[in-house]
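Following: one structure in structure tokens, then a few remarks.
The values are calculated or read from the model by the stated rules, or taken from the named source; none is laboratory data. If you're wondering where the values come from, they're calculated on a predicted model, not measured in any experiment. Cβ atoms come from the backbone with ideal geometry, glycine included; neighbour counts cover every protein chain shown.
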């Protein structure tokens with residue numbers, strides 16, 4: 001599990017990297033060991049009526065062949081980062097719950113009528129013989 005942090009139009013801060021790593025570690029239970037994460041922090045300068053810029057955070061995680069993206073924006077970088085990680089945590093939790101429930105249900109073809117109704121026996125050659133009830 002690896003997290004890359006990129007800063008755009010913003011000075012890199014070690015505090016932000018440490019906080020992002022700590023939040024990413026909380027996602028560990030939902031991710032496989034080969035998961036890759038990328039956090040991009042961008043400062044959008046204020047318009048005519050704004051005195052401060054808006055910090056945009058985009059968190060992208062690729063795990064188990066799926067890519068999850070969470071975006072957030074706030075005047076405070078930490079708030080935007082916390083919300084993005086929370087959003088991604090919820091998405092990963094839902095995906096894990098779906099994956100576990102599918103595994104517990106068993107194969108999908110059983111309900112399609114392709115699963116034998118009766119007991120299955122094999123003959124001497126290893127071929128299956130089905131007994132209908």
query: So which residues in region 1-21 are without any contact (Cβ under 8 Å) to a residue 24 or more places away in the chain and either more than 16 Å from the chain's Cα centre (by Cα) or more than 25 Å from residue 95 (Cα to Cα) (or both), if there are any at all?
result: 11, 12, 13, 14, 15, 17, 18
message: Just to verify a result, which residue in region 30-50, among those that are closer than 26 Å to residue 64 by Cβ and without any contact (Cβ under 8 Å) to a residue 40 or more places away in the chain, is surrounded by the most Cβ atoms within 10 Å (Cβ to Cβ)?
response: 37
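Table: residues versus (1) at pLDDT below 95; (2) in a helix (DSSP H, G or I).
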residue: 39; (1), (2): no, no
residue: 47; (1), (2): yes, no
residue: 55; (1), (2): yes, no
residue: 60; (1), (2): no, no
residue: 69; (1), (2): no, no
residue: 87; (1), (2): no, yes
residue: 98; (1), (2): yes, yes
residue: 109; (1), (2): yes, yes
residue: 133; (1), (2): yes, no
